[in-house]
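Participant: Here's a structure for you.
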Amino acid sequence: MQLSASVDAAPTERIAIVDILRAVALFGIIVTHAALSFLAGPEPTPGFNQFSALDKTVYDLTELLAFGKFFAVFAFLFGMSFTIQLDNAARKGTSFAGRFAWRLTILLAIGLVHAMFFSGDVLMIYALLGFLLIPFRKRTSKTLLIVGLILVLNLPGLLLGFAQLSAPAPSVEQQETIAQFQAEFERKAQEQYRIKQSGTVGEIVEMNLTDSMLNKLLFMVFSGRLWITFGYFLLGLWAGRVALFRDTESNRALFRRLLVWTGPVALVTTVMHALSDFSMNTSEATLATVVAYFVFTTQQATLATFIVAALTLYYWRDPSRGLLPKLAAVGKLGLTTYLMQTMFGIALFFGVGLGMLGEMGVTASVAAGIAFFVFQIFFAHWWLRRFDLGPFEWLWRALTYFKLRPNARVQTSPA
């Protein structure tokens with residue numbers, strides 16, 4: 001399993017649009033993280049980095065058009081790479097489950113190191129959920145599609161929400177416990193902000209391995225993001241199995257239908273979400289919040305699907321022209337690009353770096369994130385002219401096979 005297409009596959013087997021979509025997802029991820037100053041945790045106060053009307057507008061647009069959408073694409077492509085691994089194993093006639101589980105174990109270790117410094121790490125979650133893909137590899141394509149859609153639309157969360165509405169009102173003692181929990185959560189949120197803003201490396205690591213880890217787990221469960229992510233994995237597995245990104249007339253027709261189906265739904269749910277006062281930080285269960293969250297998850301899924309379909313069809317019109325082909329190099333270095341973005345965020349915002357957390361507004365932060373992504377495009381092209389794999393992709397492969405293979409690209413001189 002990879003964050004980039006299979007590092008074991010021959011270069012001719014790569015599908016360029018998949019690398020391009022991965023790059024677009026990474027662009028959306030850095031914009032999302034930059035809009036929150038790479039805080040990746042509870043905010044000390046609402047709008048802590050919105051210093052002007054422009055900042056508020058940029059934040060609102062980012063929240064509406066980016067938050068959750070590009071992580072959805074990233075997770076979808078992660079699940080799709082499972083099929084690549086499965087096909088590679090079948091071609092080589094080698095066992096699959098054991099090697100795949102070992103690769104995930106290595107990813108889990110990489111994610112743990114990453115999570116020590118950045119509380120927004122997704123690699124550990126991806127690795128743990130990735131183990132669940134192993135038993136699903138023998139399920140039918142129809143099963144993958146149905147279960148994936150059920151999870152992506154958070155129908156389990158919707159049912160749990162309605163069940164909570166019919167539950168008896170909390171007792172006085174329960175209300176006091178909830179109030180104490182919220183007060184403690186807010187106190188820890190302030191402390192976590194202080195540590196990221198001015199703490200030492202040791203304080204950051206200790207915080208991220210304790211309170212931040214627990215906060216992320218609670219968020220993943222209570223928001224439904226845990227099974228939503230796995231739903232995208234299953235849809236990616238289905239897409240790989242049916243060769244969704246091979247340029248065929250039937251696939252073009254399917255993507256055109258997706259545009260027609262998801263476009264209006266994405267538009268309506270985007271407007272509804274923009275007009276609502278829904279907040280994921282609320283713990284109050286009302287009919288309005290349950291419906292609002294369903295609208296939010298539907299908006300994420302349909303807008304992400306619309307983006308993928310539109311970009312794929314646009315690329316297939318002329319695969320050799322425009323900006324999109326230039327993004328493929330970034331997608332090939334998916335893991336390296338993702339980790340480099342964290343290094344950038346820590347260096348710019350945290351106190352162990354330049355300390356701009358709470359000092360730089362949303363507009364400037366997003367602009368800095370975009371500028372760094374542009375740098376990553378040039379870096380990816382520079383690197384791939386010299387090496388076959390990204391540095392972290394090479395490390396992952398070396399640890400997988402217990403072998404340090406040469407990574408330098410063989411330079412051929414003209415005859």
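Participant: Can you list the helices (runs of 4 or more DSSP H) lying wholly within region 194-313 that have 2 or more residues being of a type outside the set (Gly, Ala, Ser) and over 30 Å from ILE178 (Cα atoms)?
Facilitator: Per the criteria, 225-241, 249-275.
Participant: Continuing with this model, one more query. Restricting the search to region 112-142, which residues are in contact with a Phe, Trp or Tyr (Cβ under 8 Å, 6 or more places away or on another chain) and surrounded by fewer than 19 Cβ atoms within 10 Å (Cβ to Cβ)?
Facilitator: The answer is LEU132, ILE134, ARG137, SER141.
Participant: Here are LEU104, LEU128: which of them is under 16 Å from THR400 (Cβ atoms) and either in a helix (DSSP H, G or I) or without any contact (Cβ under 8 Å) to a residue 40 or more places away in the chain (or both)?
Facilitator: Just one listed residue meets the conditions, LEU104.
Participant: For region 320-341, enumerate the residues that are crowded, with 20+ Cβ neighbours inside 10 Å and hydroxyl-bearing (Ser, Thr, Tyr).
Facilitator: If the condition is that a residue be crowded, with 20+ Cβ neighbours inside 10 Å and hydroxyl-bearing (Ser, Thr, Tyr), then THR336, THR337, TYR338 are the ones that fit.
Participant: Taking the condition of being among the hydrophobic types (A, V, I, L, M, F, W, C), buried (at least 16 other Cβ atoms within 10 Å of the Cβ), within 23 Å of the chain's Cα centre (by Cα) and in a helix (DSSP H, G or I), how many residues in region 357-415 meet it? Talk me through it step by step, then tell me what you get.
Facilitator: If we filter region 357-415 for residues that are among the hydrophobic types (A, V, I, L, M, F, W, C), which is where we start, we get 357, 360, 362, 364, 366-368, 370-375, 377-380, 382-384, 387, 389, 392, 394-396, 398-399, 402, 404, 408, 410, 415.
Checking which are buried (at least 16 other Cβ atoms within 10 Å of the Cβ) leaves us with 357, 360, 362, 364, 366, 368, 372-373, 377, 379-380, 383-384, 387, 389, 392, 394-396, 399.
From what is left, the residues that are within 23 Å of the chain's Cα centre (by Cα) are 357, 362, 364, 366, 368, 372-373, 377, 379-380, 389, 392, 394-396.
This time we only want the ones that are in a helix (DSSP H, G or I), so: 362, 364, 366, 368, 372-373, 377, 379-380, 392, 394-396.
Result for region 357-415: 13.
Participant: For region 165-174, which residues satisfy the criterion of being in a helix (DSSP H, G or I) and either more than 35 Å from the chain's Cα centre (by Cα) or over 20 Å from LEU287 (Cα atoms) (or both)?
Facilitator: VAL172, GLU173, GLN174, listed by residue number.
Here is a yes/no grid of residues against (1) of a type in the set (S, T, N, Q); (2) closer than 30 Å to LEU128 by Cα; (3) modelled with pLDDT of 95 or more:
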{"site": "ASP211", "(1), (2), (3)": "no, yes, no"}
{"site": "ASN215", "(1), (2), (3)": "yes, yes, no"}
{"site": "THR248", "(1), (2), (3)": "yes, no, yes"}
{"site": "LEU254", "(1), (2), (3)": "no, no, yes"}
{"site": "LEU258", "(1), (2), (3)": "no, no, yes"}
{"site": "VAL268", "(1), (2), (3)": "no, no, yes"}
{"site": "HIS273", "(1), (2), (3)": "no, no, no"}
{"site": "MET280", "(1), (2), (3)": "no, yes, no"}
{"site": "SER283", "(1), (2), (3)": "yes, yes, no"}
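Participant: Let me ask another. Let me confirm something: among ALA75, ALA66, which residue is touching a Ser or Thr at 6+ places or on another chain (Cβ under 6 Å), within 20 Å of THR342 (Cα to Cα) and surrounded by fewer than 22 Cβ atoms within 10 Å (Cβ to Cβ)?
Facilitator: ALA66
Participant: Give the number of residues within region 154-189 that are of a type in the set (Val, Ile, Thr) and surrounded by 11 or more Cβ atoms within 10 Å (Cβ to Cβ). So that I can check it myself, show each step before the final result.
Facilitator: Residues of region 154-189 that are of a type in the set (Val, Ile, Thr), as a first pass: 172, 177-178.
Still in the list and also surrounded by 11 or more Cβ atoms within 10 Å (Cβ to Cβ): 177-178.
Within region 154-189, residues that are of a type in the set (Val, Ile, Thr) and surrounded by 11 or more Cβ atoms within 10 Å (Cβ to Cβ) number 2.
Participant: So the check is Cβ under 8 Å with 6+ separation or different chains; which pairs have a first residue in region 242-253 that's in contact (Cβ under 8 Å) with a residue 40 or more places away in the chain and a second one that's surrounded by 14 or more Cβ atoms within 10 Å (Cβ to Cβ) and small (Gly, Ala, Ser)?
Facilitator: PHE245/ALA239
Participant: Could you look through region 20-55, keep only residues that are in a helix (DSSP H, G or I) and free of Cβ contacts under 8 Å to residues at least 60 places away in the same chain, and pick out the one that is nearest to MET356 (Cα to Cα)?
Facilitator: Step by step, filter region 20-55, then rank; the result is THR32.
Participant: Quick check, is PHE181 more than 12 Å from PHE230 (Cα to Cα), touching a residue at least 24 places away in the same chain (Cβ under 8 Å), in a helix (DSSP H, G or I) and among the aromatic types (Phe, Trp, Tyr)?
Facilitator: No: the conditions fail for PHE181.
Participant: While we're on this one: Got a sec? Which of GLU13, GLU63 is modelled with pLDDT under 95 and under 27 Å from GLN182 (Cβ atoms)?
Facilitator: Only one candidate qualifies: GLU63.
Participant: Name the residue, out of LEU151, LEU145, that is surrounded by fewer than 20 Cβ atoms within 10 Å (Cβ to Cβ) and part of a helix (DSSP H, G or I).
Facilitator: Of the residues listed, the single one that is surrounded by fewer than 20 Cβ atoms within 10 Å (Cβ to Cβ) and part of a helix (DSSP H, G or I) is LEU145.
Participant: Mind checking which pairs have a first residue in region 216-234 that is over 23 Å from ARG139 (Cα atoms) and β-branched (Val, Ile, Thr) and a second that is at pLDDT 95 or above and surrounded by fewer than 21 Cβ atoms within 10 Å (Cβ to Cβ), Cβ under 7 Å, 6 or more apart or different chains?
Facilitator: Final answer for the pair search is none.
Participant: Given the structure, is VAL291 more than 30 Å from LEU112 (Cα to Cα) and out of contact with any helix residue (DSSP H, G or I) (no Cβ under 9 Å at 6 or more places or on another chain)?
Facilitator: Considered against the rule, which asks whether it is more than 30 Å from LEU112 (Cα to Cα) and out of contact with any helix residue (DSSP H, G or I) (no Cβ under 9 Å at 6 or more places or on another chain), VAL291 comes out as no.
Participant: Can you name every residue in region 370-415 that is modelled with pLDDT of 95 or more and either basic (Lys, Arg) or in contact with a His (Cβ under 7 Å, 6 or more places away or on another chain) (or both)?
Facilitator: Scanning region 370-415 gives ARG385, ARG386.
The values are calculated or read from the model by the stated rules, or taken from the named source; none is laboratory data. Predicted, not measured: the structure shown is a model, and the values here were computed from it. Here the Cβ is made from the backbone with ideal geometry for all residues, glycine too, and neighbour counts use every protein chain on show.
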